[in-house]
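Some notes on the structure that comes next.
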């Protein structure tokens, strides 16, 4: 033991578990009126996004979701997908963002293996989700996100996202991880042999990777990021959390199509996007 081991023990005054939840709280406090999401003509500020996340977390808690439970999504790159990257862990649960290109059998396997208790989905994936849920031998709460920019397909859930938000309390206190190594998300492999393999991210890793994105990309404050990368892909390389760290704008894009990409670029003054070869060749 040295002198540096005495009187310097970890306590509430000198230590807090790293979690990207803190990025959202900071942006909502320092930049409440700055835009956080842009989807078509609809924009929401960081204070609005924070409030919605609090209410979703509260509503999930009221419905019995507890620390360590799994909440899954089958969603495109829309504002609600960004919100769930915060709302789910703010309830203490673990986010499982499922690859929307998978078949019903694979989705069913993931839902079962992850022991998901809630699934957020979208009209576009109604058929494959119905087929997947039918293969489960237990109840699953399905919540529809009704995107006004995509009205093909059916609403198949027992309630919709906005109704769930209305169930939540605005003064709910977000659940913080007891340990920064607590799980924040669960992702699965795809395109490999055998069944999908689950990979767990912890709060510490998500926080550090999100911060590293901002540093290595030299994003600065208030970038305008176009979502060409699926948010289900490794949690969008942690950029949902990065954008909260730098109070940036999530510019949503449901489908990567050449005309839509160029139009969105020009209309929204996009500064950053992930340019995988398949995107650049579009």
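The values are calculated or read from the model by the stated rules, or taken from the named source; none is laboratory data. These numbers were taken from a predicted model, which means no experiment stands behind them. All Cβ positions, glycine included, derive from the backbone under ideal geometry; neighbour counts span all protein chains shown.
If the requirement is being at pLDDT below 95 and in contact with a strand residue (DSSP E or B) (Cβ under 8 Å, 6 or more places away or on another chain), which of these qualifies: 251, 261?
261
Scanning the stretch 101-113 for residues that are touching a residue at least 40 places away in the same chain (Cβ under 8 Å), closer than 19 Å to residue 201 by Cβ and crowded, with 20+ Cβ neighbours inside 10 Å yields a count of 1. Within the stretch 1-25, the set of residues being touching a helix residue (DSSP H, G or I) at 6+ places or on another chain (Cβ under 9 Å) and not in a loop (DSSP other than H, G, I, E, B) comprises 21, 22, 23, 24, 25.
Residue 231 falls short of the stated requirement of being closer than 21 Å to residue 83 by Cβ, surrounded by 15 or more Cβ atoms within 10 Å (Cβ to Cβ), touching a residue at least 12 places away in the same chain (Cβ under 8 Å) and more than 15 Å from the chain's Cα centre (by Cα). Which of the residues spanning the stretch 243-263 are over 18 Å from residue 48 (Cα atoms) and crowded, with 20+ Cβ neighbours inside 10 Å? Listed by number, the list holds a single entry, 253. Elements of the type strands (runs of 3 or more DSSP E) sitting completely within the stretch 34-111 and holding at least 2 residues that are under 12 Å from the mean Cα position of the chain (by Cα): these cover 70-74, 94-97. The residues of the stretch 233-253 that are more than 23 Å from residue 32 (Cα to Cα), in contact with a helix residue (DSSP H, G or I) (Cβ under 8 Å, 6 or more places away or on another chain) and not in a helix (DSSP H, G or I) amount to a single one, 253.
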